[in-house]
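The structure under discussion appears below in the form of structure tokens.
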Amino acid sequence: MVNYRIAKIPGDGIGPEIIIEGVKVLEKASELNNFEIDWIKYDNGAEKYLKTGELITEDTLKEIKTTCKSIYLGALGDPRCRPGILEKGILLKTRFYFDQYVNLRPIKLLEGVWCPLKDKTPKDIDFTVVRENTEDFYVGIGNRAKKGSSKQELEVVRSIYHAKFSLDIETDDDEIAYQIGVMSKKGARRVIKYGFELAKKENVGTAYFVDKANVLSDIYGFWRENIEDISKSYPNIKPEYMFVDAITMWFVKNPEWFKVVTTPNMFGDIITDLGAMIQGGLGLAPGGNINPGGISMFEPIHGSAPKYKGMNVANPLATIWAGAMMLDEIGQQKAAEQIINAIQEILKEGKVKTKDLGGTNSTSEVGDAVVKKIEDMQ
Ligand code: IPM
Ligand code: MN
């Protein structure tokens, strides 16, 4: 029997509760499809960090790299830690380490789910956002300089800033901070190609690309140039460019236009929260951090919701759906489909749902319902 070793990182807040449900469902799907999953649990997250100072070590990442097929992640973030510590130290670190350069986020309104957009139905909201996942403003190049900063720090800031503004850092009020977005030709082209390939696979005539080339013209002008060039290899697909501010408007007004939307990292972060809302809420939005041919990581888009930790009320469906995406990626398409069909059916029936969807069921009841539905639909 095929056996997959999967690294499981439950993480913080509601992470452990929703991962339990995801594992429950994936176990059932594996049983019915004759494969096995060995879960290797990693306890990285706030608790470990606060106790030991460890976020995630190179050794851990290397161990995952050499022994696991994929990663299943709950959520990270804890009010006891300064914002960014766990997010950068564990989540982004892992995305970068495994070079998971595509963040794939389906925006799909399922039947039975309340949509905040008037008159929009499941056939109107059914697309995929392909978010670049390793570059742009996420590269972590930035700094602050103020009175008393080292000469070198001041020089860097001056070289960036002084050309435009007459800058002199003489008093505390003259402090400056900057953060730089970086895009490499290779980094841009691989995700752009992924977007075109997805459009081709789905027989889509127009592929949308997001930027802000009217203002941030160096970085996003470069982005467009590469799209233009790559589009020559896809004569049947028309690239359509949209500024990020405009696309937020069209997501709300005409979501039916979109099938495949490829976007730089930071804009992708922003527009997929909007996407999650139009598909019925963060409780239903899954994502995959993909390195085609490498080790990918699957997680819900939502955060750790510390307020609801341990209460058994969080919606596990985004995590379960992310688990289905993982099965699809590792080659178990049938099992993945069964899970998604079961989620779809449960939402359509509307009998079992958590509070975010207007129901009264618990996290584990929803997980159990998905398991039962998979069995019933066999
Ligand atoms: C997401 C999250 C992360 C991101 C944070 C937690 C680093 O918002 O997955 O969308 O910005 O990518
Ligand atoms: Mn986000």
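The values are calculated or read from the model by the stated rules, or taken from the named source; none is laboratory data. Nothing here was measured: the structure is a model prediction, and the numbers come from that model. Positions of Cβ are backbone-derived with ideal geometry, glycine not excepted, and every protein chain shown enters the neighbour counts.
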Restricting attention to segment 138-157, the residues that are surrounded by fewer than 19 Cβ atoms within 10 Å (Cβ to Cβ) and assigned to a strand (DSSP E or B) number exactly 6
Using beta carbons and a limit of 8 Å, which pairs, at least six apart or on different chains, have the first residue in segment 306-318 and aromatic (Phe, Trp, Tyr) and the second one buried (at least 24 other Cβ atoms within 10 Å of the Cβ) and at pLDDT 95 or above?
308/13; 308/14; 308/314
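Residue by residue, here is whether (1) without any contact (Cβ under 8 Å) to a residue 24 or more places away in the chain; (2) within 21 Å of the chain's Cα centre (by Cα) holds:
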residue: 8; (1), (2): no, yes
residue: 22; (1), (2): no, yes
residue: 45; (1), (2): no, yes
residue: 62; (1), (2): yes, no
residue: 67; (1), (2): no, no
residue: 70; (1), (2): no, yes
residue: 73; (1), (2): no, yes
residue: 83; (1), (2): yes, yes
Taking residue 93 as the residue in question, decide whether it is outside the structural domain of residue 304 (by TED's automatic domain parsing) and modelled with pLDDT of 95 or more.
no
Considering only strands (runs of 3 or more DSSP E) fully contained in segment 218-298, which possess at least 1 residues that are in contact (Cβ under 8 Å) with a residue 40 or more places away in the chain and either within 16 Å of ligand 2 (Cβ to nearest atom) or in contact with a Gly (Cβ under 7 Å, 6 or more places away or on another chain) (or both)?
260-263, 286-290
Residue 78 - would you say it is at pLDDT 95 or above and either outside the structural domain of residue 225 (by TED's automatic domain parsing) or assigned to a helix (DSSP H, G or I) (or both)?
yes
Consider segment 297-324. How many of its residues are under 15 Å from the mean Cα position of the chain (by Cα) and within 14 Å of ligand 1 (Cβ to nearest atom)?
11
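Checking the structure you have, find out if any residue of segment 102-125 is part of a loop (DSSP other than H, G, I, E, B) and closer than 30 Å to residue 47 by Cβ. Outline the logic, then answer.
Step one: of segment 102-125, the residues part of a loop (DSSP other than H, G, I, E, B) are 109-125.
Subsequent filtering for residues that are closer than 30 Å to residue 47 by Cβ retains none.
So far as segment 102-125 goes, no, none of its residues is part of a loop (DSSP other than H, G, I, E, B) and closer than 30 Å to residue 47 by Cβ.
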Residue count, segment 299-315 (criterion: within 15 Å of ligand 2 (Cβ to nearest atom) and either of a type in the set (Ser, Thr, Tyr) or at positive phi (or both)):
2
Only one of 91, 73 that is among the hydrophobic types (A, V, I, L, M, F, W, C), within 16 Å of ligand 2 (Cβ to nearest atom) and in contact with an Asp or Glu (Cβ under 7 Å, 6 or more places away or on another chain)
73
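Looking at segment 47-68, which of the residues that are among the hydroxyl-bearing types (Ser, Thr, Tyr) and surrounded by 11 or more Cβ atoms within 10 Å (Cβ to Cβ) is farthest from residue 88 (Cα to Cα)?
That would be 67.
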Look through 283, 293, 275, 268 and report the one residue that is farther than 30 Å from residue 226 by Cα and of a type outside the set (Phe, Trp, Tyr).
283
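Table: residues versus (1) among the hydrophobic types (A, V, I, L, M, F, W, C); (2) surrounded by 18 or more Cβ atoms within 10 Å (Cβ to Cβ); (3) over 22 Å from residue 121 (Cβ atoms); (4) within 12 Å of ligand 1 (Cβ to nearest atom).
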{"residue": "238", "(1), (2), (3), (4)": "no, no, yes, no"}
{"residue": "241", "(1), (2), (3), (4)": "no, no, yes, no"}
{"residue": "247", "(1), (2), (3), (4)": "yes, yes, no, no"}
{"residue": "250", "(1), (2), (3), (4)": "yes, no, no, no"}
{"residue": "275", "(1), (2), (3), (4)": "no, yes, no, yes"}
